[in-house]
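Asks: Here you go, one structure.
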Amino acid sequence: MEYITGKSLKEYNSFKTEASAKLFAEPKNAEELIQCLNDYSKEKKLVIGGGCNMFFTKDFNGLVIHPQLKGMREASSKEDDDVFIEVMASEDWDDFVKYTVEKGFSGLENLSLIPGTVGASPVQNIGAYGAEVKDCIREVVAIDIDSCEIISLSNQECKFGYRDSIFKQTNKYIILSVIFHLKRTFNYIPKYFDLNKELEDISNPTIMDVRNAVINVRKRKLPDEKVLPNCGSFFKNPYITIEHADKIKQNYPDLPSFPFQEGLIKTSAAFLIDKAGYKGKRNGNIGTYPNQPLIIVNYGTDDGTEIVDFMKEIKDAVNNKFGIMLEPEVWIF
Ligand code: EPU
C-alpha cells in the first residue's frame with residue numbers, strides 16, 4: 001500500500017474546500033483496505049467516496065481512505081422478475097443507475113443523476129422524487145473497522161431512516177459493496193408533483209422516460225457541482241409538531257406539510273429558507289442557489305469556514321422567524 005503524506009483534499013470534496021490529509025491511501029480491494037486499518041490502527045480515519053456530501057474547515061489529522069473498489073455482479077435468471085446485483089462501493093452512482101435503466105431493471109430510476117458513489121448511497125439513504133435507496137437494498141457488505149471482519153448487514157440491520165442509517169449513526173463500518181434488489185416489471189406510480197408534471201404528456205412512462213424526466217427536473221432546479229461547487233441539499237427537511245405548523249400557517253397558509261409520525265409533520269426547509277429571505281442570497285463567496293434555496297453554493301472560496309458562517313446565518317434567520325432549528329445534512333470536518 002502506498003501512503004501519501006500531506007495530500008490536498010480540495011479535489012476530493014464537491015464544495016472544493018482546501019485541507020490536507022496527514023495520510024492518504026487508495027486501497028483497491030478488501031485486503032488492501034484491511035491492511036490500511038492494520039497499518040494505522042491508532043490513527044483517526046475518514047473514508048471519502050465521491051465527497052459529494054461533505055466539506056472541510058481544517059486539515060485532517062489522520063488517515064484519509066479513498067477506496068477504489070470497482071466491479072459488479074448480477075445474480076438472476078431471465079425468467080425471474082427479481083434481479084439481484086452486487087455493486088462495489090467505488091462505482092459511480094449514476095453510471096450504475098443508467099446501466100439498470102438501460103437493462104430495463106426498475107427501482108432506481110427516480111434516483112438518477114445524484115452525484116457520488118454506490119457505497120455512499122446507503123450511508124445517508126439517498127432519496128429523491130418520492131423514492132429512497134433503502135427500498136432497493138437487500139444487503140450491505142462492510143468491514144467492521146474495529147475487528148477488521150467482513151460482515152453482511154440485512155436491510156433491517158442497516159436501520160434506515162430519512163437520510164439516516166447505522167453507517168451514519170455508528171461510523172463503525174466501511175462499505176465494500178451493496179446488493180440491490182430490482183425488478184424487471186415496471187409501473188409508473190405518480191408520487192411527486194414535479195415529476196408527474198414533467199411526465200404529463202406520456203401515457204405509460206417507461207423506466208427511461210422517468211429517468212429522463214428526473215434528469216430534466218434536476219438540471220432545472222439543481223446546480224451542477226462541477227460548475228458551481230455544492231453538496232446538494234445542505235439541510236434536512238425538519239419535523240415539527242402539528243400545533244407548531246398550524247401557528248406558522250396563520251401567516252404562511254401554503255407551508256408544505258407531509259404527515260410523519262403521530263403529532264408530527266415534515267415540512268420544507270427550502271420553503272422556510274425562502275421565506276426567511278435567503279433564496280438566491282449571496283454573502284461574499286457563498287450563497288444559496290436561486291432556483292433552490294436549500295442548496296448552498298460556493299462562488300469562489302476554498303475556505304470551508306466561510307460556508308459554516310453562511311450556514312449559521314441561515315439557521316439564525318430561520319430560527320428567529322419560525323422557531324425551527326435546521327440541521328445540516330452534509331458532514332462538516
Ligand atoms: N420550495 C420553496 N422555494 C423554492 C424551492 C422549493 O418554497 O425556491 C418549497 C416548495 O414548497 C417545494 C418544496 O420546497 O414544493 C420542496 O422542494 P423540492 O421538491 O425541490 O424538494 P426538497 O424537499 O427541497 C428534497 C431532497 C432533495 C431531492 C428533492 C427532490 C432533502 C433534504 N432534499 O428536496 O435531495 O432532490 O427532495 O425529491 O430531503 C439532496 O439530498 O442533496 C437532494 C438534492
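The values are calculated or read from the model by the stated rules, or taken from the named source; none is laboratory data. Being a predicted model, the structure only gives us computed values, none of them experimental. Please note: Cβ atoms are built from the backbone with ideal geometry, for glycine as well, and neighbour counts cover all protein chains shown. Accessible surface areas use protein heavy atoms only, side chains included; no ligands, DNA or RNA. Shrake-Rupley method; radii C 1.70, N 1.55, O 1.52, S 1.80 Å.
Asks: With I240, I324, I273, I248 as the choices, which residue is at pLDDT 95 or above, more than 11 Å from the ligand (Cβ to nearest atom) and in a helix (DSSP H, G or I)? Outline the logic, then answer.
Replies: Values: I240 fails: in a helix (DSSP H, G or I); I324 fails: in a helix (DSSP H, G or I); I273 fails: more than 11 Å from the ligand (Cβ to nearest atom).
Unique residue meeting the criteria: I248.
Asks: So which residues in the range 276-288 are within 15 Å of E225 (Cα to Cα) and within 14 Å of the ligand (Cβ to nearest atom)?
Replies: Within the range 276-288, G287, T288 meet the criteria.
Asks: Tell me the residue from T117, T100 that is open to solvent by less than 30 Å² (accessible area, probe 1.4 Å), in the same structural domain as I215 (by TED's automatic domain parsing) and closer than 19 Å to I189 by Cβ, please. Explain how you work it out, then say what you get.
Replies: On the way: T117 fails: closer than 19 Å to I189 by Cβ.
Going through T117, T100 in turn, just one is open to solvent by less than 30 Å² (accessible area, probe 1.4 Å), in the same structural domain as I215 (by TED's automatic domain parsing) and closer than 19 Å to I189 by Cβ: T100.
Asks: Next up: For the range 209-225, does any single residue satisfy the condition of being within 23 Å of E306 (Cα to Cα), in contact with a Phe, Trp or Tyr (Cβ under 7 Å, 6 or more places away or on another chain) and more than 8 Å from the ligand (Cβ to nearest atom)?
Replies: Of the range 209-225, the ones within 23 Å of E306 (Cα to Cα) are 222-225.
Imposing the further condition that a residue be in contact with a Phe, Trp or Tyr (Cβ under 7 Å, 6 or more places away or on another chain) reduces the set to 223.
In the following step, the residues that additionally are more than 8 Å from the ligand (Cβ to nearest atom) were identified as 223.
Within the range 209-225 (the criterion being within 23 Å of E306 (Cα to Cα), in contact with a Phe, Trp or Tyr (Cβ under 7 Å, 6 or more places away or on another chain) and more than 8 Å from the ligand (Cβ to nearest atom)), the answer is yes, since at least one residue qualifies.
Asks: Let me ask another. Any idea how many residues of the range 202-240 are among the hydrophobic types (A, V, I, L, M, F, W, C) and in contact with a Pro (Cβ under 8 Å, 6 or more places away or on another chain)? Spell out how you get there, then give the answer.
Replies: Of the residues in the range 202-240, the ones among the hydrophobic types (A, V, I, L, M, F, W, C) are 202, 207-208, 210, 213-215, 217, 222, 227-228, 231, 234-235, 240.
This time we only want the ones that are in contact with a Pro (Cβ under 8 Å, 6 or more places away or on another chain), so: 213, 234-235.
Qualifying residue count for the region: 3.
Asks: Considering each residue of the range 289-308, count those that are in a loop (DSSP other than H, G, I, E, B), within 15 Å of the ligand (Cβ to nearest atom) and in contact with a helix residue (DSSP H, G or I) (Cβ under 8 Å, 6 or more places away or on another chain), and give that number. Outline the logic, then answer.
Replies: As a first pass, look at the range 289-308 and keep what is in a loop (DSSP other than H, G, I, E, B): 290-291, 299-303.
Still in the running and within 15 Å of the ligand (Cβ to nearest atom): 290-291.
Filter once more, so that each one left must be in contact with a helix residue (DSSP H, G or I) (Cβ under 8 Å, 6 or more places away or on another chain): 291.
Result for the range 289-308: 1.
Asks: Could you figure out which of (1) open to solvent by 50 Å² or more (accessible area, probe 1.4 Å); (2) within 20 Å of T17 (Cβ to Cβ); (3) of a type outside the set (A, V, I, L, M, F, W, C) isn't true of K315?
Replies: The single condition K315 does not satisfy is (1).
Asks: Going by the conditions given, is G232 open to solvent by less than 30 Å² (accessible area, probe 1.4 Å), without any contact (Cβ under 8 Å) to a residue 60 or more places away in the chain, under 18 Å from F15 (Cα atoms) and of a type outside the set (V, I, T)?
Replies: On the way: open to solvent by less than 30 Å² (accessible area, probe 1.4 Å): yes; without any contact (Cβ under 8 Å) to a residue 60 or more places away in the chain: no; under 18 Å from F15 (Cα atoms): yes; of a type outside the set (V, I, T): yes.
The answer is no for G232.
Asks: Applying the selection to the range 276-288, what residues are open to solvent by 40 Å² or more (accessible area, probe 1.4 Å) and in a helix (DSSP H, G or I)?
Replies: The answer is G277, and nothing else.
Asks: So, in the range 189-221, how many residues would count as being under 19 Å from the mean Cα position of the chain (by Cα) and buried (at least 21 other Cβ atoms within 10 Å of the Cβ)?
Replies: Looking only at that region, the number is 2.
Asks: Return the residue satisfying two criteria in turn: it lies in the range 89-120 and is within 17 Å of the chain's Cα centre (by Cα) and among the aliphatic types (A, V, I, L, M), and of such residues it is nearest to P67 (Cα to Cα).
Replies: Here the answer is A89.
Asks: Looking at (1) open to solvent by 50 Å² or more (accessible area, probe 1.4 Å); (2) in a loop (DSSP other than H, G, I, E, B); (3) within 16 Å of the ligand (Cβ to nearest atom), which is the one condition that is false for L255?
Replies: Here L255 clears every test but (1).
Asks: Taking the condition more than 30 Å from E243 (Cβ to Cβ), modelled with pLDDT under 95 and not small (G, A, S), does N298 pass? Full working, then the answer.
Replies: Numbers: more than 30 Å from E243 (Cβ to Cβ): yes; modelled with pLDDT under 95: no; not small (G, A, S): yes.
Answer is no for this residue.
Asks: Condition test on E262, is it open to solvent by less than 80 Å² (accessible area, probe 1.4 Å), assigned to a loop (DSSP other than H, G, I, E, B) and either near the ligand (Cβ under 10 Å from one of its atoms) or modelled with pLDDT under 95 (or both)?
Replies: Numbers: open to solvent by less than 80 Å² (accessible area, probe 1.4 Å): no; assigned to a loop (DSSP other than H, G, I, E, B): yes; either near the ligand (Cβ under 10 Å from one of its atoms) or modelled with pLDDT under 95 (or both): yes.
For E262, the condition - open to solvent by less than 80 Å² (accessible area, probe 1.4 Å), assigned to a loop (DSSP other than H, G, I, E, B) and either near the ligand (Cβ under 10 Å from one of its atoms) or modelled with pLDDT under 95 (or both) - is not met.
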